[in-house]
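Contents: one structure, followed by commentary.
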Amino acid sequence: MRSRAVLIQGTPEAPSRRRAVAALFARESSNDQTLNRGTRMALDVNEWSTMDATAQAELVRRREFTPLELVDAAIARIERVNPAINAVITPLFEEARAAAVSRELPTGPFRGVPFLLKDIGAMQKGQPYYLGNRALRDLGFRSPFDTPLGARFRAAGFITVGKTNLPEFGMQTTTQPLAFGATHNPWNLDRSTSGSSGGSCAAVAAGMVPVAHANDGGGSIRLPAAWCGLVGLKPSRGRVSDPLDMRELAELVVSRTVRDTAAVLDAVHGSEPGDLFLAPPPARSYITEVGADPGKLRIGILTRTLEFGSHPECREATVATAKLLESLGHRVEESFPEALFDPAQETLLLAPLSRAVGHGIALALGAVLGRPLTRDDVEPYSWFVVLQAEQPPVVFEEYLKAAGWLNQWARRVARWWSTGFDLLLTPAVCEPPATLVEMTPPEDKPWTLLSKIQQQVFFTYPFNVTGQPAISLPLHWTAEGLPAGVQLVATIGREDLLIRVGAQLEQARPWSKRRPPVHA
(Lines give C-alpha, C1' and ligand atoms only; values in the text may rest on other atoms or scores of the structure.)
Protein backbone atom coordinates (compact mmCIF):
# COMPACT_ATOMS: atom_id res chain seq x y z
CA MET A 1 0.00 0.00 0.00
CA ARG A 2 2.85 2.34 0.75
CA SER A 3 3.97 2.12 -2.87
CA ARG A 4 1.03 4.35 -3.80
CA ALA A 5 2.53 7.21 -1.78
CA VAL A 6 4.59 9.95 -3.36
CA LEU A 7 7.22 11.59 -1.20
CA ILE A 8 7.43 15.26 -2.08
CA GLN A 9 10.53 15.70 0.06
CA GLY A 10 12.21 12.95 -1.89
CA THR A 11 11.84 14.57 -5.30
CA PRO A 12 15.00 16.45 -6.31
CA GLU A 13 13.09 19.19 -8.08
CA ALA A 14 10.90 20.03 -5.05
CA PRO A 15 13.12 22.81 -3.58
CA SER A 16 13.34 24.64 -6.90
CA ARG A 17 9.59 24.36 -7.38
CA ARG A 18 8.96 25.75 -3.92
CA ARG A 19 11.23 28.69 -4.80
CA ALA A 20 9.24 29.17 -7.99
CA VAL A 21 6.00 29.31 -6.00
CA ALA A 22 7.55 31.85 -3.63
CA ALA A 23 8.59 33.97 -6.59
CA LEU A 24 5.09 33.65 -7.98
CA PHE A 25 3.68 35.32 -4.89
CA ALA A 26 6.40 37.96 -4.81
CA ARG A 27 5.40 39.54 -8.09
CA GLU A 28 3.49 42.78 -8.08
CA SER A 29 -0.27 42.68 -8.58
CA SER A 30 -0.01 44.70 -11.79
CA ASN A 31 2.30 42.11 -13.29
CA ASP A 32 -0.09 39.33 -12.20
CA GLN A 33 -2.97 40.90 -14.08
CA THR A 34 -1.02 40.94 -17.35
CA LEU A 35 0.57 37.52 -16.92
CA ASN A 36 0.52 35.42 -20.09
CA ARG A 37 -1.23 32.24 -18.97
CA GLY A 38 0.45 30.40 -21.84
CA THR A 39 3.89 30.95 -20.34
CA ARG A 40 3.04 30.79 -16.64
CA MET A 41 4.89 28.49 -14.28
CA ALA A 42 3.29 25.04 -14.35
CA LEU A 43 2.55 23.54 -10.96
CA ASP A 44 1.66 19.85 -10.69
CA VAL A 45 -0.57 18.07 -8.20
CA ASN A 46 2.39 17.46 -5.91
CA GLU A 47 3.12 21.18 -5.68
CA TRP A 48 -0.41 22.07 -4.63
CA SER A 49 -0.37 19.31 -2.02
CA THR A 50 2.15 21.34 -0.01
CA MET A 51 0.31 24.66 -0.23
CA ASP A 52 -2.14 25.77 2.44
CA ALA A 53 -5.63 27.04 1.66
CA THR A 54 -4.58 30.69 1.93
CA ALA A 55 -1.91 30.21 -0.72
CA GLN A 56 -4.23 28.26 -3.03
CA ALA A 57 -6.92 30.94 -2.73
CA GLU A 58 -4.32 33.54 -3.63
CA LEU A 59 -3.53 31.70 -6.86
CA VAL A 60 -7.19 31.91 -7.86
CA ARG A 61 -7.54 35.50 -6.73
CA ARG A 62 -4.56 36.53 -8.86
CA ARG A 63 -5.93 34.51 -11.78
CA GLU A 64 -2.84 32.35 -11.90
CA PHE A 65 -5.05 29.26 -11.84
CA THR A 66 -8.74 28.52 -12.04
CA PRO A 67 -10.93 26.84 -9.43
CA LEU A 68 -11.35 23.90 -11.81
CA GLU A 69 -7.60 23.41 -11.99
CA LEU A 70 -7.35 23.33 -8.20
CA VAL A 71 -10.29 20.93 -7.96
CA ASP A 72 -8.94 18.60 -10.66
CA ALA A 73 -5.57 18.52 -8.92
CA ALA A 74 -7.19 17.67 -5.58
CA ILE A 75 -9.23 14.89 -7.20
CA ALA A 76 -6.05 13.45 -8.72
CA ARG A 77 -4.37 13.49 -5.31
CA ILE A 78 -7.36 11.80 -3.66
CA GLU A 79 -7.44 9.11 -6.32
CA ARG A 80 -3.73 8.53 -5.84
CA VAL A 81 -3.53 8.39 -2.05
CA ASN A 82 -6.97 7.50 -0.73
CA PRO A 83 -6.74 3.78 -1.54
CA ALA A 84 -3.93 3.57 1.01
CA ILE A 85 -5.56 5.48 3.87
CA ASN A 86 -9.35 5.40 3.26
CA ALA A 87 -10.01 8.96 4.39
CA VAL A 88 -12.60 9.92 1.75
CA ILE A 89 -15.62 7.63 1.81
CA THR A 90 -17.97 9.59 -0.49
CA PRO A 91 -16.38 11.21 -3.55
CA LEU A 92 -18.29 14.20 -4.94
CA PHE A 93 -16.00 14.79 -7.88
CA GLU A 94 -18.47 15.65 -10.61
CA GLU A 95 -20.46 17.93 -8.31
CA ALA A 96 -17.20 19.67 -7.40
CA ARG A 97 -16.20 20.15 -11.03
CA ALA A 98 -19.61 21.60 -11.81
CA ALA A 99 -19.33 24.01 -8.89
CA ALA A 100 -15.83 25.06 -9.97
CA VAL A 101 -17.01 26.29 -13.37
CA SER A 102 -20.34 27.70 -12.18
CA ARG A 103 -20.91 31.43 -12.45
CA GLU A 104 -22.58 31.13 -9.05
CA LEU A 105 -19.36 30.12 -7.30
CA PRO A 106 -19.16 32.59 -4.39
CA THR A 107 -16.35 35.14 -4.31
CA GLY A 108 -15.45 34.44 -0.69
CA PRO A 109 -11.91 34.41 0.73
CA PHE A 110 -11.36 30.76 -0.26
CA ARG A 111 -12.92 30.87 -3.71
CA GLY A 112 -12.03 27.73 -5.62
CA VAL A 113 -10.17 25.93 -2.84
CA PRO A 114 -10.97 22.19 -2.69
CA PHE A 115 -12.44 21.07 0.60
CA LEU A 116 -13.68 17.94 2.36
CA LEU A 117 -16.72 17.75 4.63
CA LYS A 118 -16.81 15.36 7.57
CA ASP A 119 -19.80 13.05 7.29
CA ILE A 120 -21.45 14.33 10.46
CA GLY A 121 -22.40 17.78 11.66
CA ALA A 122 -22.32 20.51 9.04
CA MET A 123 -24.49 19.61 6.05
CA GLN A 124 -24.79 20.79 2.47
CA LYS A 125 -28.13 20.03 0.86
CA GLY A 126 -28.37 16.95 -1.31
CA GLN A 127 -25.08 15.35 -0.28
CA PRO A 128 -24.94 11.80 1.16
CA TYR A 129 -25.05 11.87 4.96
CA TYR A 130 -24.34 8.60 6.76
CA LEU A 131 -22.73 9.38 10.17
CA GLY A 132 -20.56 6.27 9.78
CA ASN A 133 -23.69 4.13 10.05
CA ARG A 134 -24.58 1.24 7.76
CA ALA A 135 -28.35 1.70 8.04
CA LEU A 136 -28.14 5.28 6.75
CA ARG A 137 -25.68 4.16 4.09
CA ASP A 138 -27.99 1.40 2.89
CA LEU A 139 -30.93 3.82 2.94
CA GLY A 140 -28.95 6.26 0.78
CA PHE A 141 -29.87 9.12 3.11
CA ARG A 142 -29.02 12.64 1.93
CA SER A 143 -28.78 15.98 3.70
CA PRO A 144 -32.22 17.63 3.49
CA PHE A 145 -30.87 21.17 3.83
CA ASP A 146 -27.82 23.36 4.43
CA THR A 147 -26.87 23.88 8.04
CA PRO A 148 -25.53 27.38 8.82
CA LEU A 149 -21.93 26.14 8.82
CA GLY A 150 -22.40 24.15 5.61
CA ALA A 151 -23.76 27.29 3.94
CA ARG A 152 -20.89 29.40 5.30
CA PHE A 153 -18.28 26.99 3.96
CA ARG A 154 -19.88 27.36 0.54
CA ALA A 155 -20.14 31.15 0.86
CA ALA A 156 -16.44 31.27 1.74
CA GLY A 157 -15.75 29.80 -1.69
CA PHE A 158 -14.76 26.28 -0.64
CA ILE A 159 -15.66 23.54 -3.11
CA THR A 160 -16.58 20.26 -1.45
CA VAL A 161 -14.92 17.37 -3.30
CA GLY A 162 -16.01 14.60 -0.91
CA LYS A 163 -17.08 13.43 2.54
CA THR A 164 -14.65 12.02 5.10
CA ASN A 165 -14.69 8.94 7.30
CA LEU A 166 -15.55 8.87 11.00
CA PRO A 167 -16.41 6.31 13.70
CA GLU A 168 -20.10 5.51 13.90
CA PHE A 169 -21.94 8.58 15.26
CA GLY A 170 -18.54 10.15 16.01
CA MET A 171 -18.41 8.41 19.37
CA GLN A 172 -14.97 6.76 19.40
CA THR A 173 -11.37 7.94 19.56
CA THR A 174 -10.47 5.95 16.47
CA THR A 175 -11.84 5.99 12.94
CA GLN A 176 -12.70 2.36 12.19
CA PRO A 177 -16.41 2.18 11.28
CA LEU A 178 -17.61 -1.24 10.20
CA ALA A 179 -19.70 0.42 7.48
CA PHE A 180 -16.73 2.00 5.69
CA GLY A 181 -13.57 0.41 7.07
CA ALA A 182 -10.65 1.88 8.99
CA THR A 183 -8.87 5.10 8.13
CA HIS A 184 -5.10 4.60 8.29
CA ASN A 185 -2.71 7.18 9.67
CA PRO A 186 -0.48 8.49 6.85
CA TRP A 187 2.44 8.65 9.28
CA ASN A 188 2.19 4.87 9.78
CA LEU A 189 -0.50 2.81 8.10
CA ASP A 190 -0.73 0.43 11.05
CA ARG A 191 -1.68 3.31 13.37
CA SER A 192 -5.00 4.93 14.15
CA THR A 193 -5.77 8.52 13.22
CA SER A 194 -7.81 8.85 16.42
CA GLY A 195 -11.31 10.28 16.01
CA SER A 196 -13.79 11.25 15.39
CA SER A 197 -12.44 13.61 12.68
CA GLY A 198 -9.92 10.97 11.63
CA GLY A 199 -10.85 10.97 7.96
CA SER A 200 -10.50 14.73 7.68
CA CYS A 201 -7.17 14.73 9.49
CA ALA A 202 -5.71 11.90 7.44
CA ALA A 203 -6.76 13.64 4.22
CA VAL A 204 -5.16 16.96 5.16
CA ALA A 205 -2.01 15.34 6.55
CA ALA A 206 -1.62 13.34 3.33
CA GLY A 207 -1.97 16.47 1.19
CA MET A 208 -5.29 15.65 -0.48
CA VAL A 209 -6.75 19.04 0.47
CA PRO A 210 -5.32 21.93 2.52
CA VAL A 211 -8.15 22.08 5.07
CA ALA A 212 -11.14 19.91 5.95
CA HIS A 213 -14.23 20.23 8.10
CA ALA A 214 -14.05 18.78 11.61
CA ASN A 215 -16.07 18.93 14.80
CA ASP A 216 -15.40 18.24 18.44
CA GLY A 217 -17.72 16.91 21.14
CA GLY A 218 -15.01 15.54 23.43
CA GLY A 219 -11.75 16.04 21.56
CA SER A 220 -12.68 15.05 18.00
CA ILE A 221 -10.80 17.95 16.42
CA ARG A 222 -7.83 18.02 18.77
CA LEU A 223 -7.17 14.29 19.20
CA PRO A 224 -6.80 13.37 15.50
CA ALA A 225 -4.98 16.63 14.82
CA ALA A 226 -2.46 15.58 17.48
CA TRP A 227 -2.03 12.11 15.96
CA CYS A 228 -1.83 13.36 12.36
CA GLY A 229 0.47 16.37 12.86
CA LEU A 230 -2.05 19.16 12.24
CA VAL A 231 -3.45 22.34 13.75
CA GLY A 232 -6.83 21.71 15.37
CA LEU A 233 -8.76 24.53 17.04
CA LYS A 234 -11.94 23.82 18.98
CA PRO A 235 -13.71 27.20 19.15
CA SER A 236 -15.61 28.56 22.13
CA ARG A 237 -19.16 27.43 22.66
CA GLY A 238 -21.37 29.60 20.48
CA ARG A 239 -18.53 30.88 18.27
CA VAL A 240 -19.86 28.93 15.28
CA SER A 241 -23.61 28.54 14.95
CA ASP A 242 -24.97 25.09 15.84
CA PRO A 243 -28.61 24.49 14.86
CA LEU A 244 -28.89 21.68 17.43
CA ASP A 245 -27.60 23.88 20.27
CA MET A 246 -25.48 21.01 21.58
CA ARG A 247 -23.65 22.26 24.63
CA GLU A 248 -20.49 20.24 24.15
CA LEU A 249 -20.13 20.35 20.36
CA ALA A 250 -17.96 22.82 18.42
CA GLU A 251 -17.22 22.82 14.69
CA LEU A 252 -14.48 24.27 12.50
CA VAL A 253 -11.67 22.71 10.43
CA VAL A 254 -8.30 21.02 10.70
CA SER A 255 -5.40 22.56 8.80
CA ARG A 256 -1.64 22.58 8.38
CA THR A 257 -1.10 26.22 9.33
CA VAL A 258 -2.32 28.57 12.03
CA ARG A 259 -3.12 31.23 9.43
CA ASP A 260 -5.54 28.90 7.64
CA THR A 261 -7.33 28.14 10.88
CA ALA A 262 -7.60 31.84 11.69
CA ALA A 263 -8.83 32.77 8.22
CA VAL A 264 -11.47 30.04 8.17
CA LEU A 265 -12.69 31.11 11.60
CA ASP A 266 -13.05 34.64 10.23
CA ALA A 267 -15.14 33.29 7.38
CA VAL A 268 -17.56 31.11 9.36
CA HIS A 269 -17.92 32.46 12.90
CA GLY A 270 -21.06 34.15 14.14
CA SER A 271 -24.52 33.31 15.40
CA GLU A 272 -27.86 32.76 13.71
CA PRO A 273 -31.21 34.05 14.98
CA GLY A 274 -32.44 31.84 17.79
CA ASP A 275 -29.06 30.36 18.73
CA LEU A 276 -29.05 29.31 22.37
CA PHE A 277 -25.33 29.94 22.89
CA LEU A 278 -23.50 33.15 21.95
CA ALA A 279 -19.74 33.72 22.22
CA PRO A 280 -18.24 37.14 23.00
CA PRO A 281 -17.56 38.94 19.70
CA PRO A 282 -13.89 39.17 18.68
CA ALA A 283 -12.16 42.53 18.96
CA ARG A 284 -10.87 42.25 15.38
CA SER A 285 -10.39 39.67 12.64
CA TYR A 286 -8.64 36.49 13.65
CA ILE A 287 -6.19 36.62 10.75
CA THR A 288 -4.78 39.85 12.17
CA GLU A 289 -3.85 37.92 15.32
CA VAL A 290 -1.38 35.81 13.32
CA GLY A 291 1.97 37.43 14.06
CA ALA A 292 0.56 39.75 16.71
CA ASP A 293 2.49 39.96 19.97
CA PRO A 294 0.69 37.89 22.62
CA GLY A 295 2.51 39.71 25.42
CA LYS A 296 4.07 37.95 28.38
CA LEU A 297 1.67 35.26 29.48
CA ARG A 298 1.28 33.18 32.62
CA ILE A 299 0.76 29.56 31.63
CA GLY A 300 -0.05 26.54 33.76
CA ILE A 301 1.13 23.06 32.82
CA LEU A 302 -0.42 19.63 33.42
CA THR A 303 1.02 16.33 32.18
CA ARG A 304 -0.71 13.62 34.27
CA THR A 305 -4.20 12.19 34.14
CA LEU A 306 -6.62 10.99 36.79
CA GLU A 307 -5.16 7.52 37.18
CA PHE A 308 -1.74 7.53 35.54
CA GLY A 309 0.94 9.67 33.97
CA SER A 310 1.16 10.46 30.28
CA HIS A 311 3.31 8.44 27.93
CA PRO A 312 6.95 9.64 28.17
CA GLU A 313 6.84 10.99 24.61
CA CYS A 314 3.72 13.04 25.34
CA ARG A 315 5.17 14.33 28.57
CA GLU A 316 8.38 15.22 26.71
CA ALA A 317 6.33 17.05 24.08
CA THR A 318 4.59 19.13 26.73
CA VAL A 319 7.71 19.89 28.75
CA ALA A 320 9.63 20.84 25.60
CA THR A 321 6.81 23.17 24.60
CA ALA A 322 6.90 24.71 28.08
CA LYS A 323 10.60 25.41 27.65
CA LEU A 324 9.99 26.91 24.23
CA LEU A 325 7.28 29.16 25.68
CA GLU A 326 9.67 30.27 28.43
CA SER A 327 12.32 31.07 25.82
CA LEU A 328 9.73 33.32 24.16
CA GLY A 329 9.29 35.26 27.38
CA HIS A 330 6.28 33.53 28.94
CA ARG A 331 6.07 32.27 32.50
CA VAL A 332 5.20 28.57 32.84
CA GLU A 333 4.48 26.91 36.18
CA GLU A 334 2.92 23.68 37.34
CA SER A 335 -0.67 24.63 38.05
CA PHE A 336 -4.03 23.47 36.74
CA PRO A 337 -7.71 23.27 37.71
CA GLU A 338 -7.90 20.85 40.62
CA ALA A 339 -11.46 19.98 39.61
CA LEU A 340 -10.05 17.98 36.69
CA PHE A 341 -9.13 15.32 39.23
CA ASP A 342 -12.55 15.05 40.86
CA PRO A 343 -13.32 11.30 40.65
CA ALA A 344 -17.08 11.93 40.74
CA GLN A 345 -17.06 12.83 37.05
CA GLU A 346 -16.15 9.27 36.15
CA THR A 347 -19.46 7.97 37.42
CA LEU A 348 -21.90 10.82 36.93
CA LEU A 349 -20.86 11.75 33.39
CA LEU A 350 -21.00 8.20 32.13
CA ALA A 351 -24.34 7.23 33.67
CA PRO A 352 -27.63 9.15 33.26
CA LEU A 353 -26.26 11.87 30.98
CA SER A 354 -24.58 9.54 28.50
CA ARG A 355 -27.57 7.20 28.60
CA ALA A 356 -29.87 10.08 27.70
CA VAL A 357 -27.65 11.01 24.75
CA GLY A 358 -27.67 7.42 23.54
CA HIS A 359 -31.43 7.12 23.72
CA GLY A 360 -31.73 10.42 21.86
CA ILE A 361 -29.54 9.13 19.02
CA ALA A 362 -31.61 5.95 18.84
CA LEU A 363 -34.88 7.88 18.61
CA ALA A 364 -33.52 10.25 15.94
CA LEU A 365 -32.13 7.41 13.81
CA GLY A 366 -35.35 5.46 14.16
CA ALA A 367 -37.30 8.47 12.95
CA VAL A 368 -35.15 8.66 9.79
CA LEU A 369 -35.48 4.92 9.17
CA GLY A 370 -39.22 5.05 9.78
CA ARG A 371 -39.13 2.20 12.29
CA PRO A 372 -37.68 1.33 15.69
CA LEU A 373 -33.92 0.87 15.71
CA THR A 374 -32.64 -2.71 15.89
CA ARG A 375 -29.35 -4.25 16.89
CA ASP A 376 -28.57 -5.00 13.24
CA ASP A 377 -28.70 -1.29 12.36
CA VAL A 378 -25.60 -0.32 14.36
CA GLU A 379 -22.21 -1.60 15.44
CA PRO A 380 -21.94 -3.69 18.63
CA TYR A 381 -20.05 -0.88 20.39
CA SER A 382 -22.78 1.62 19.53
CA TRP A 383 -25.53 -0.75 20.63
CA PHE A 384 -24.06 -1.49 24.05
CA VAL A 385 -22.06 1.67 24.89
CA VAL A 386 -23.29 4.64 22.83
CA LEU A 387 -27.00 3.87 22.61
CA GLN A 388 -27.05 1.74 25.77
CA ALA A 389 -30.05 0.17 24.12
CA GLU A 390 -30.39 -2.61 26.66
CA GLN A 391 -30.31 -0.26 29.63
CA PRO A 392 -33.49 1.09 31.27
CA PRO A 393 -34.65 4.61 30.43
CA VAL A 394 -33.10 7.50 32.35
CA VAL A 395 -34.81 8.44 35.58
CA PHE A 396 -35.61 12.14 35.42
CA GLU A 397 -34.36 12.86 38.95
CA GLU A 398 -31.04 11.14 38.21
CA TYR A 399 -30.62 13.17 35.05
CA LEU A 400 -31.27 16.46 36.87
CA LYS A 401 -28.83 15.55 39.62
CA ALA A 402 -26.07 14.68 37.13
CA ALA A 403 -26.70 17.79 35.02
CA GLY A 404 -26.59 20.01 38.08
CA TRP A 405 -23.33 18.48 39.26
CA LEU A 406 -21.84 18.85 35.79
CA ASN A 407 -22.71 22.55 35.64
CA GLN A 408 -21.04 23.18 38.99
CA TRP A 409 -18.01 21.12 38.01
CA ALA A 410 -17.62 23.17 34.82
CA ARG A 411 -17.61 26.35 36.87
CA ARG A 412 -14.91 24.96 39.15
CA VAL A 413 -12.73 24.05 36.17
CA ALA A 414 -13.16 27.41 34.42
CA ARG A 415 -12.55 29.38 37.63
CA TRP A 416 -8.82 28.54 37.49
CA TRP A 417 -8.38 31.06 34.64
CA SER A 418 -9.58 33.82 36.97
CA THR A 419 -6.65 33.21 39.32
CA GLY A 420 -4.14 34.98 37.08
CA PHE A 421 -3.46 32.35 34.42
CA ASP A 422 -3.85 33.02 30.71
CA LEU A 423 -3.43 29.52 29.29
CA LEU A 424 -3.20 25.89 30.30
CA LEU A 425 -0.67 23.64 28.54
CA THR A 426 -1.26 19.87 28.36
CA PRO A 427 -0.63 16.95 26.05
CA ALA A 428 -3.44 16.76 23.54
CA VAL A 429 -3.57 12.99 24.11
CA CYS A 430 -2.00 10.89 26.84
CA GLU A 431 -0.23 8.61 24.34
CA PRO A 432 1.20 8.68 20.80
CA PRO A 433 -0.86 7.19 17.96
CA ALA A 434 -2.11 3.74 18.98
CA THR A 435 -2.24 0.86 16.55
CA LEU A 436 -5.49 0.02 14.81
CA VAL A 437 -5.33 -3.38 16.49
CA GLU A 438 -5.10 -1.77 19.94
CA MET A 439 -8.19 0.31 19.13
CA THR A 440 -10.23 -2.69 17.98
CA PRO A 441 -12.28 -4.24 20.81
CA PRO A 442 -13.17 -7.95 20.88
CA GLU A 443 -16.37 -8.66 18.98
CA ASP A 444 -17.98 -10.24 22.03
CA LYS A 445 -16.82 -7.48 24.41
CA PRO A 446 -17.10 -4.17 22.51
CA TRP A 447 -17.47 -2.19 25.74
CA THR A 448 -13.80 -2.84 26.59
CA LEU A 449 -12.90 0.03 24.26
CA LEU A 450 -14.58 2.50 26.60
CA SER A 451 -11.76 2.57 29.16
CA LYS A 452 -9.27 3.37 26.39
CA ILE A 453 -11.47 6.23 25.17
CA GLN A 454 -11.82 7.63 28.69
CA GLN A 455 -8.04 7.76 29.03
CA GLN A 456 -7.53 9.44 25.67
CA VAL A 457 -10.08 12.24 26.21
CA PHE A 458 -8.89 13.19 29.70
CA PHE A 459 -7.16 16.38 28.53
CA THR A 460 -9.76 17.38 25.94
CA TYR A 461 -13.28 16.54 27.10
CA PRO A 462 -13.39 18.90 30.13
CA PHE A 463 -13.20 21.91 27.81
CA ASN A 464 -16.16 20.72 25.79
CA VAL A 465 -18.08 20.81 29.06
CA THR A 466 -16.82 24.28 30.00
CA GLY A 467 -17.13 25.60 26.43
CA GLN A 468 -13.58 27.00 26.39
CA PRO A 469 -11.49 27.27 23.21
CA ALA A 470 -8.54 24.91 22.92
CA ILE A 471 -5.99 24.24 20.20
CA SER A 472 -3.81 21.25 19.35
CA LEU A 473 -0.44 22.11 17.80
CA PRO A 474 2.00 19.70 16.07
CA LEU A 475 5.12 20.52 18.04
CA HIS A 476 6.58 17.06 18.66
CA TRP A 477 7.39 13.85 16.80
CA THR A 478 8.36 10.64 18.59
CA ALA A 479 11.49 8.62 18.02
CA GLU A 480 9.39 6.47 15.67
CA GLY A 481 8.46 9.55 13.63
CA LEU A 482 4.86 9.77 14.90
CA PRO A 483 3.17 13.09 15.74
CA ALA A 484 2.33 13.85 19.36
CA GLY A 485 0.56 17.19 19.60
CA VAL A 486 0.19 19.48 22.58
CA GLN A 487 -2.88 21.43 23.70
CA LEU A 488 -3.31 25.02 24.83
CA VAL A 489 -6.57 26.09 26.52
CA ALA A 490 -7.77 29.68 26.99
CA THR A 491 -10.70 31.19 28.83
CA ILE A 492 -13.97 31.34 26.90
CA GLY A 493 -13.96 33.76 23.99
CA ARG A 494 -10.17 34.00 23.69
CA GLU A 495 -9.48 32.24 20.41
CA ASP A 496 -7.47 35.35 19.55
CA LEU A 497 -4.94 34.52 22.25
CA LEU A 498 -4.63 30.92 21.09
CA ILE A 499 -4.01 32.08 17.52
CA ARG A 500 -1.36 34.58 18.62
CA VAL A 501 0.54 32.04 20.69
CA GLY A 502 0.01 29.28 18.14
CA ALA A 503 1.50 31.47 15.41
CA GLN A 504 4.37 32.41 17.70
CA LEU A 505 5.16 28.74 18.34
CA GLU A 506 4.76 27.90 14.65
CA GLN A 507 7.36 30.53 13.78
CA ALA A 508 9.72 29.40 16.54
CA ARG A 509 9.46 25.70 15.72
CA PRO A 510 8.07 25.36 12.16
CA TRP A 511 6.30 22.16 11.20
CA SER A 512 5.06 22.92 7.68
CA LYS A 513 7.88 21.06 5.91
CA ARG A 514 7.21 17.78 7.70
CA ARG A 515 5.53 15.22 5.46
CA PRO A 516 4.20 11.78 6.38
CA PRO A 517 5.48 8.76 4.44
CA VAL A 518 2.11 8.51 2.69
CA HIS A 519 1.66 11.84 0.94
CA ALA A 520 0.20 12.96 -2.36
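Values as computed for the structure displayed
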| quantity | calculated |
| --- | --- |
| Subset of the stretch 47-75 (residues that are open to solvent by 10 Å² or more (accessible area, probe 1.4 Å), in contact (Cβ under 8 Å) with a residue 60 or more places away in the chain, part of a helix (DSSP H, G or I) and more than 23 Å from T107 (Cβ to Cβ)) | none |
| Breaking point among (1) within 22 Å of T183 (Cα to Cα); (2) touching an Asp or Glu at 6+ places or on another chain (Cβ under 9 Å); (3) open to solvent by less than 20 Å² (accessible area, probe 1.4 Å), for L449 | (2) |
| Boolean, G238 is of a type outside the set (D, E, K, R), in contact (Cβ under 8 Å) with a residue 60 or more places away in the chain and in contact with a Phe, Trp or Tyr (Cβ under 6 Å, 6 or more places away or on another chain) | yes |
| Filtered residue count, the stretch 395-410, keeping only those that are free of Cβ contacts under 8 Å to residues at least 12 places away in the same chain and open to solvent by 40 Å² or more (accessible area, probe 1.4 Å) | 5 |
| Among the residues listed as I471, I492, the single one being touching a helix residue (DSSP H, G or I) at 6+ places or on another chain (Cβ under 9 Å), modelled with pLDDT of 95 or more, among the β-branched types (V, I, T) and within 26 Å of P186 (Cβ to Cβ) | I471 |
| Test: residue in the stretch 307-316 that is modelled with pLDDT of 95 or more, of a type in the set (K, R), out of contact with any Asp or Glu (no Cβ under 9 Å at 6 or more places or on another chain) and under 27 Å from P224 (Cα atoms) | yes |
| Any chance G366 is more than 29 Å from P441 (Cα to Cα) and either at pLDDT 90 or above or in a loop (DSSP other than H, G, I, E, B) (or both) | no |
| First in the stretch 446-474 and under 24 Å from Q408 (Cβ atoms), second anywhere and among the polar types (S, T, N, Q) and surrounded by fewer than 24 Cβ atoms within 10 Å (Cβ to Cβ), Cβ under 6 Å, 6 or more apart | F458/T305 |
| Answer from A484, A503, A520, A479 - the residue that is of a type in the set (A, V, I, L, M, F, W, C) and touching a His at 6+ places or on another chain (Cβ under 6 Å) | A484 |
| All helices (runs of 4 or more DSSP H) inside the stretch 182-270 with 2 or more residues being surrounded by fewer than 24 Cβ atoms within 10 Å (Cβ to Cβ) and either at pLDDT below 95 or more than 15 Å from the chain's Cα centre (by Cα) (or both) | 258-268 |
| The listed residue being assigned to a loop (DSSP other than H, G, I, E, B), of a type outside the set (A, V, I, L, M, F, W, C), without any contact (Cβ under 8 Å) to a residue 12 or more places away in the chain and open to solvent by 30 Å² or more (accessible area, probe 1.4 Å), out of P343, P372 | P372 |
| Single match in A267, A283, A317, A262 (criterion: small (G, A, S) and within 30 Å of Q455 (Cβ to Cβ)) | A317 |
| Hits in the stretch 455-504 (condition: surrounded by fewer than 20 Cβ atoms within 10 Å (Cβ to Cβ) and not in a loop (DSSP other than H, G, I, E, B)) | Q455, V465, W477 |
| Condition met for F141 (in contact with a helix residue (DSSP H, G or I) (Cβ under 7 Å, 6 or more places away or on another chain) and within 16 Å of L92 (Cα to Cα)) | yes |
| Hits in the stretch 146-165 (condition: closer than 30 Å to W383 by Cβ and either touching an Asp or Glu at 6+ places or on another chain (Cβ under 8 Å) or in contact (Cβ under 8 Å) with a residue 40 or more places away in the chain (or both)) | T147, L149, G162, K163, T164, N165 |
| Test for S143: is it within 24 Å of G481 (Cα to Cα), small (G, A, S) and in contact (Cβ under 8 Å) with a residue 12 or more places away in the chain | no |
| Residue list for the stretch 96-115, restricted to those being more than 21 Å from G207 (Cα to Cα) and not aliphatic (A, V, I, L, M) | S102, R103, E104, P106, T107, G108 |
| Those residues of the stretch 279-313 which are farther than 24 Å from G502 by Cβ and assigned to a loop (DSSP other than H, G, I, E, B), in sequence order | L306, E307, F308 |
| Filter result (surrounded by 14 or more Cβ atoms within 10 Å (Cβ to Cβ) and of a type in the set (K, R)) within the stretch 284-312 | R298, R304 |
| Where a residue in the stretch 97-113 is closer than 21 Å to V264 by Cα and without any contact (Cβ under 8 Å) to a residue 12 or more places away in the chain and its partner, wherever it lies, is among the polar types (S, T, N, Q) and in a loop (DSSP other than H, G, I, E, B), with Cβ under 6 Å and at least six apart | none |
| Criterion: under 24 Å from the mean Cα position of the chain (by Cα) and at pLDDT below 95 - qualifying residue of Q345, Q454, Q391 | Q454 |
| Verdict on G493 being of a type in the set (G, A, S) and over 30 Å from F384 (Cβ atoms) | yes |
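The values are calculated or read from the model by the stated rules, or taken from the named source; none is laboratory data. Source: prediction; values computed, not measured. Because the Cβ atoms are built from the backbone with ideal geometry, glycine has one as well, and the counts that use them run over all protein chains shown. Note: areas computed on protein heavy atoms with side chains; ligands, DNA, RNA excluded. Shrake-Rupley method; radii C 1.70, N 1.55, O 1.52, S 1.80 Å.
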